[in-house]
Amino acid sequence: MSVVRIPPTLRTDTGGEREVIAEGDTVRDLLDDLTARFPTLESKLEYANVYVGGEDIRTRDGFETRVSASDTVILLPAMAGGSPAESAPHFPRS
C-alpha cells in the first residue's frame, strides 16, 4: 500500500480526500486500484503527471515503476492554457 496525494482539482472525485491509500506493486497497479474505487478519476488521469518519491515516473520505468509502502505518489494534472498570440499584449522594444 502506498499513499497517493490528491491535488485540489481532483478531490471532488475522491470525496474530498487529500490522500488516499492505494494497493499495488507498480504505478499502473495503483492507478488501477484508484480508478476502480473512484471511476470518475479515470478520464482525468489520462494527462496527469505522476511522481514517486518526488521523481517523475517518465524518468524511471513509466507506469511499470515499482512502488513500496514507504513511497508517496503524487498525481499532478497537466495544465495548459493561455491566449492566442494575436491577442497577447505587445511590448515594443526601445
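What to note about this one:
- The number of residues in the range 1-21 being among the basic types (Lys, Arg) and under 23 Å from ARG66 (Cα atoms) comes to 2.
- For the range 14-27, the criterion of being touching a residue at least 24 places away in the same chain (Cβ under 8 Å), in contact with a strand residue (DSSP E or B) (Cβ under 9 Å, 6 or more places away or on another chain) and of a type in the set (D, E, K, R) is met by at least one residue.
- Restricting attention to the range 27-74, the residues that are touching an Asp or Glu at 6+ places or on another chain (Cβ under 6 Å), closer than 23 Å to THR12 by Cα and not hydroxyl-bearing (Ser, Thr, Tyr) add up to 4.
- Residues within the range 38-53 that are of a type outside the set (Phe, Trp, Tyr) and either closer than 10 Å to LEU75 by Cβ or touching a residue at least 12 places away in the same chain (Cβ under 8 Å) (or both), tallied: 9
Read the figures in this text as sums done on the coordinates, not as results from a lab. Every value quoted in this text rests on a predicted model; they were computed, and no experiment measured them. Here the Cβ is made from the backbone with ideal geometry for all residues, glycine too, and neighbour counts use every protein chain on show.
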